[in-house]
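Single-structure report; data block below.
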Ligand SMILES: [Zn+2]
Ligand SMILES: [Zn+2]
């Protein structure tokens, strides 16, 4: 088992509110959207259909951005997307508070390379549920782009780091312009909290197997997470994914609903997705 100097410090043993250097703003973001979402739920428990469907549509588009562009295409190169489709999907992922290609892809490749070891950025094996769910996002050191994602050091991906903060602030507030205060809370903070937790389940719940022997793969498929996880379509088949990381299809059977894969097939039919790889390990 390799041990990096950072992992040696057992960062999961510190208090939950201590952020790691430049990741402090992630903790501020998490606290802010939860506080606003709480106020929004109390003041506007029923938002109305227009507001609700707008929030759901944005959450879903962002989830497609994360699962198709970030995860299957950029991190694993399981599919090559048309550059315009790719950038549109990246926009919705950033607008969903899912981070930028530079951070997401480096952290994710790091996770696969060190899965279930002490160097795994988000393993619940060492830090427990909350470490894997949210704490690693701001308490683990940023994964090195030079080491993990040198292919992301290009203007088309790095530009998103420059626009991320204004875009996320817009994402939190823009609903007021169209739907008033109920819109501000529901299409902003409430949507972002929902998306954050549904995507965080991939690192926490989908790797949570207490008492597992060291070195044994902890990844899981949980079918019932699919309907709850409307915003990370197909990601609930995480065991399939760890078995075949370079596959653009996360489902292995017809009855495993994998909307990310269906959209990739649609894009392929339109010639907007090429070099689609299926059932490949690397
Ligand atoms: Zn995993
Ligand atoms: Zn992956």
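Only the coordinates and a few stated rules stand behind these numbers; no lab work does. Nothing here was measured: the structure is a model prediction, and the numbers come from that model. Glycine also receives a Cβ, built like all others from the backbone with ideal geometry; neighbour counts cover every protein chain displayed.
Brief remarks on what is shown
- Relative contact order of the chain, defined on C-alpha pairs under 8 angstrom at six or more residues apart (%): 24
- Rounded if a/c under 1.5, otherwise prolate or oblate - region 238-277, Cα gyration tensor axes: oblate
- The chain: Rg to Rh, with Rh as the Kirkwood radius over Cα pairs: 0.95
- Förster-model FRET efficiency, 41 Å R0, residue 170 and residue 257, C-beta, rounded to 0.05: 0.80
- Using a cutoff of 8 angstrom between alpha carbon atoms and counting only pairs six or more residues apart, the relative contact order for region 1-106 works out to 22 percent.
- Relative contact order %, region 151-282, counting alpha carbon pairs below 8 Å whose residues are six or more apart: 15
- Sorting the segments 37-48, 165-176 by their residues' average number of neighbouring beta-carbon atoms within 10 angstrom, most packed first, yields 165-176, 37-48.
- Shape of region 188-282, Cα gyration tensor, a/c cut at 1.5: oblate
- Counting every alpha-carbon pair across region 4-96, the share separated by more than 21 Å comes to 58%.
- Rounded Å value of the spacing that divides the Cα centres of region 185-212 and region 95-131: 13
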